[in-house]
Amino acid sequence: MTPPKDSSSRSSSKSSSGNPVVSSFLVRRSPVYYGWVVLAMSTLGMAATLPGQTAGVSLFIDSFIEDVGLSRSLVSWLYTAATVLGSLALPLMGRLVDQWGPRRMATLAVGLFALSCAGMGQAGGWIGVFVGFVCLRCFGQGTLGLINNHAVNLWFERRRGLAVGILGLGMAGATALFPPLIEEGIQAYGWQRTYLIMGGILAGAVLPLGALLYRDAPERYGLSPDRENAASETEAPESEASETGVPETSGLKDPELEASGPEGSGPETGAASEDEGETPGKDRGEIQDENQGESQGASAVGGIEPGVAYRTRTFWLFTGAGVYAAGLGTGLLFHHFSILEEAGVGRDLAAEFFIPLGALTAALNVGTGWLVDRYPPRLLLAAELVLYGALTGLLPWADTTAEVWAYGSVFGVAQGMHQALLGSVYAYYFGRLHHGTIRGLANTVFIGGTAIGPALLAVGPDFLGGFAAILWILTPVPFLLGAAAFAGWAAGWDAATLQRAC
């Protein structure tokens, strides 16, 4: 497939908003659409968040207990509090991503993440462990994860779901491959030096790669989101494109809002050279007037204002469903062996649950991403929530090998769908211009759900006689949310608001 011609070779070229287009050697010379390079870097960046993820931190818990002298309950509460505190910075980080772009923010985040790992290796008491937890969760799991998701959403529209699904494989692969290596490092070098080694890898490998390969929105370089053979790029000679402008951008095709037209036109940011800072664009009215007067030009990065997005039912539908899925998923995994022991399942059989869980989570991450590009996300959300309802309703009876494997399979499908949907819907509905800000607030709320999930499920054995009672109490919730998702699709929730904002 022929890559798009880069008409941004001259710094004097203008976008439709009047801002100069940046010339980038890597973007211009890439043998493939550069969005795939951004996706590859973001997938690596997602794998690099492992030291800040629960799967990475959990490897060091026994070391904190034995060497630092902390109790298991204290470490658990420190981790919970640090997770919530670290997530409070995400709306600010999302706003900075929108303003500074993924490239500069990724460089900053990876640098701070590397310092956090190095500092964690020096923790000698509960205060040091707590501060380390806050930094690891904020800069790794929170900020770097947000940047990776944002970068991919900037570069893809028509294949956004598929791209986000592939992005999820980075975390899945890291969870499967790296914990055994980290455990070997702890046994060979000790936990303090292992943290220093991880910080060194982040600073010496991930940081320079990110600074080299991350890029801001494609419009900044005179390109269109996932457009490899745009008519304006293939029909006009390269020399003519350099003189007349930059390729046109296709709008976002939303099956639910097709009548509303393409993704909204908002201000574009740009700069004359790769090293200069971005300058504010003009307001929407000026941009629309200029667009009408130009026969060729790249569309500005479009999007809904955060204040408008936060007032829509669509935002809170997906955010509420995300809180439920995040809280339930974390709680089920946290109490996994105890829940199945209550149902009469031995520890060896309970461990087999993770085989179908891992395989189907990865498969459905990509598969659901493919579906998001073809079917309304609200319908897919309704299907996911039905699976969660069946999960909580039937889990207390799972006591045979087939039923445990079925539990792992349903859980894997639901988790894979959840990750792919929540990774793409905010850009899908609200555009790319303020995606970091909107997604940052949503991530803060999601992380709150992961914090309360284990405590909520613990109410069952503590006060209700077992896990079955609390699981059955929670069972109607996903069915109600699923009905709301279906109603939102049928009624076309927020269509007028999104159309007016575009």
| remark: Under the 7 Å Cα-to-Cβ spin-label approximation, residue 347 and residue 122 lie apart by a distance in nanometres of 3.9 nm
| query | Of 389, 345, 408, which is farthest on the positive side of the dipole of segment 326-446, counting Cα position, with +1 on Lys and Arg Cβ, -1 on Asp and Glu Cβ, and the Cα centre as origin? | reply | 389
| At a 1.4 Å probe, what is the % contribution of carbon and sulfur to the accessible area of segment 301-409? | 67 percent
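By how many nm would the segment from residue 464 to residue 183 lengthen if fully extended, with 0.36 nm per residue of separation less the alpha-carbon distance? Write out the running numbers ahead of the final one.
Details: separation 281, 0.36 × 281 = 101.16 nm, distance 3.78 nm.
That pair, residue 464 and residue 183, stretches by 97.4 nm at full extension.
Note the full-extension length gain between residue 58 and residue 131 as 0.36 nm times their separation in residues minus their Cα-Cα distance, in nm to one decimal.
The span from residue 58 to residue 131 would gain 24.7 nm if fully extended.
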| remark: Against the 2.2 N^0.38 Å rule of thumb, the C-alpha Rg of segment 357-449 sits at a ratio of 1.21
| 1.4 Å probe accessible area per residue over segment 24-177, in Å² | 36 Å²
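The values are calculated or read from the model by the stated rules, or taken from the named source; none is laboratory data. All figures in this text were calculated on a predicted structure; none of them were measured in a lab. A quick note on method: Cβ atoms are made from the backbone with ideal geometry, for glycine too, and the neighbour counts reach across all protein chains shown. Just so you know, the surface numbers come from the protein's heavy atoms only, side chains and all, with ligands and any DNA or RNA stripped out. Shrake-Rupley method; radii C 1.70, N 1.55, O 1.52, S 1.80 Å.
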